[in-house]
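Let me begin by presenting the structure, written as structure tokens, before commenting on it.
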Amino acid sequence: MELFYLVAATLLLINVMVGFIRIVRGPTAADRMLSAQLFGTSGVAILLLLAQGMQVDAFRDVALVLAILAVVAVVAFVRRVWRPLAAE
Amino acid sequence: MIFNTLTIIFTVIGLIFITLGTVGLLRFPDVHSRLHALTKADNLGLGFIVLGLALQSESVTSVIKLIFIWLIVLLAATTAAYLVAREGLRDLRQGQAQKGAS
């Protein structure tokens, strides 16, 4: 059963790596920020699966913090970097 | 035994949804379509994974914490999607205005 969780976490990691193609190819800055969002959500899923697979309950708290930090990163990028760039 | 089977089924369905979200991110033509695919499919996949994991936990506290994590990710994805969509729309409009002027 633990093997199933680890295999699922590996598949999600491959998913994220395939999503990096959008970072390289994406024509606008919005596309690159979307990949960051994918990384945040998939990171939470990977951490939850690993928390169950390795029987470490602390990973659930790490997933919680990662979810909150992901939205802070997106808000910081949009408000501080993207909007001043587009305004000039 | 039945819980293990249900957990495997729910987690596999969640993985399929997240993979479909990534496929949409790669194949859709526009920023806003990609936003649709990413936000809806990804969070639904995460919800299925949380459901599968909640069946395996030993206490009510773990279940509540898992559902709480899913709700927070939902809120975070909503906020991020709104901000990215608004700025993407502004970029699109500027691009069209430049193309119309030239």
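Computed values, structure above
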| read-out | value |
| --- | --- |
| Every residue from the range B:42-76 that is within 16 Å of B:ASN4 (Cα to Cα) and not in a helix (DSSP H, G or I) | B:LEU55, B:GLN56, B:SER57, B:GLU58 |
| Failed item in (1) more than 15 Å from the chain's Cα centre (by Cα); (2) assigned to a helix (DSSP H, G or I); (3) of a type in the set (A, V, I, L, M), with A:VAL56 passing the rest | (2) |
| Test result for A:THR10, over 15 Å from B:LEU53 (Cβ atoms), more than 7 Å from chain B (Cβ to nearest Cβ) and either without any contact (Cβ under 8 Å) to a residue 24 or more places away in the chain or surrounded by 14 or more Cβ atoms within 10 Å (Cβ to Cβ) (or both) | yes |
| Some residue of the range A:21-39 being more than 10 Å from the chain's Cα centre (by Cα), surrounded by 15 or more Cβ atoms within 10 Å (Cβ to Cβ) and modelled with pLDDT of 90 or more | no |
| Checking B:LEU53 against (1) aliphatic (A, V, I, L, M); (2) more than 7 Å from chain A (Cβ to nearest Cβ); (3) farther than 30 Å from B:LEU92 by Cα; (4) in contact (Cβ under 8 Å) with a residue 24 or more places away in the chain, the condition it does not meet | (2) |
| Residue satisfying condition, being in a helix (DSSP H, G or I), more than 7 Å from chain B (Cβ to nearest Cβ) and within 13 Å of the chain's Cα centre (by Cα), within set A:ALA51, A:ALA73, A:ALA63 | A:ALA73 |
| The range A:22-48, residues that are in contact with a helix residue (DSSP H, G or I) (Cβ under 6 Å, 6 or more places away or on another chain), at the interface with chain B (Cβ under 9 Å from one of its Cβ atoms), within 30 Å of B:GLN94 (Cα to Cα) and among the aliphatic types (A, V, I, L, M) | A:ALA29, A:ALA30, A:MET33, A:LEU34, A:LEU38 |
| Flag for B:ILE18 being facing chain A (nearest Cβ under 8 Å), under 23 Å from A:GLN52 (Cα atoms) and touching a residue at least 40 places away in the same chain (Cβ under 8 Å) | no |
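The values are calculated or read from the model by the stated rules, or taken from the named source; none is laboratory data. Not measured: the values here are computed from a predicted model. Glycine gets a Cβ as well: all are built from the backbone with ideal geometry, and neighbour counts include every protein chain shown.
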